[in-house]
Amino acid sequence: MTRILGIDPGFERLGIAILESSYAKASKDKEKVVFSECFKTSAKLEFSERLNLIGEEVKRIIKKYKPEVLAIETLFLNTNQKTVMRVAETRGVVIYEAAQVGLKIFEASPPQIKIATTGYGRSDKAQINKMVKILVKIDKDKHSDDELDAIAIALTAFAHLRF
C-alpha cells in the first residue's frame, strides 16, 4: 500500500489530497482518495502568518495520514511576478514540511499532469476535472478545482511510480 500527498500549491487556496493504491497487478481497484480539501487562508493575514498556517496544515495532514511521497506541481510562469514568488514560497514551506519527515518528493509540471490524467498535454481545466472524476471514486459535488488538481497531481505521481 502506497500513500501519496498531492498538493496544488497556492497561498490563498491550497489543494490537498491523500491517495492510496495497493499496486497489486491482479487488483482492478482504482487509486482511492482517502482525504481531500481546499485549505484557505485569509487575505487579511500577513503573508508570513499565511505560510505558517499552510505549514501547520501540511504537517497535520502528514502526521495523520502518513504518506510516503509528496507530489507537488512545479511553477508555471505567469505575468504576475508577485503571485509567482508567493506561490514559490508556499511550495518551499510544503516541501520543507515533507522533507522534515523523510517523504520522497515528486514534482510534475502542468503539461505532465495533463498528459497523465487526460493523455493530452494541452487539456483544459474541464477536461482534467472530468477525467479525475472518472479515474477515482469521489463525491462529484464536494470537490473544488484545487482539490481536483491535487488529486490529479497525486495520480501523476502514481503513474510515474509504476514505470
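Seen from all sides and averaged, what is the projected area of the convex hull of the Cα atoms in segment 77-163, in nm²? Can you show the working numbers first?
Details: hull surface 27.4 nm².
Answer in nm², one decimal: 6.9.
Helix 145-162 versus the longest principal axis of the chain: what is the Cα-based angle in degrees, 0 to 90, to the nearest 10?
Computed tilt is about 50 degrees.
Beyond 22 Å, what share of the Cα-Cα pairs of segment 1-136 is found? Please give it as a whole percent.
Working: 3738 of 9180 pairs.
Considering segment 1-136, 41 percent of its Cα-Cα pairs are separated by more than 22 Å.
Would you mind ranking Lys44, Lys64 by Cβ crowding within 10 Å, fewest neighbours first? Intermediate values should be presented prior to the final figure.
Numbers: Lys44 7, Lys64 11.
Least crowded to most crowded, the residues run Lys44, Lys64.
On a 0 to 90 degree scale, rounded to 10, what angle separates helix 47-65 from the longest Cα axis of the chain?
30
Just tell me which aspartates and glutamates come within less than 13 Å, Cα to Cα, of Lys133; anything on the same chain fewer than 8 places away is out.
Reachable aspartates and glutamates: Glu31, Asp141, Asp145, Glu147, Asp149.
Go through Lys32/Lys125; Lys59/Lys125; Lys32/Lys63; Lys30/Lys125; Lys82/Lys130; Lys30/Lys66 and tell me which ones have a Cα-Cα distance over 25 Å in this structure. Display every interim value, and only then the final one.
Values: Lys32/Lys125 21 Å; Lys59/Lys125 28 Å; Lys32/Lys63 19 Å; Lys30/Lys125 22 Å; Lys82/Lys130 31 Å; Lys30/Lys66 20 Å.
Beyond 25 Å: Lys59/Lys125; Lys82/Lys130.
Using only the alpha-carbon atoms of segment 44-99, report the extent along each of the three principal axes, biggest first, to the nearest angstrom.
Computed over segment 44-99, the largest-to-smallest principal extents equal 36, 26, 14 Å.
Every number here is computed from the coordinates shown, using simple stated rules; none is lab data. This structure is a prediction, so every number in the text was calculated from the model and none was measured. Backbone-built Cβ (ideal geometry, glycine too); neighbour counts: all protein chains shown.
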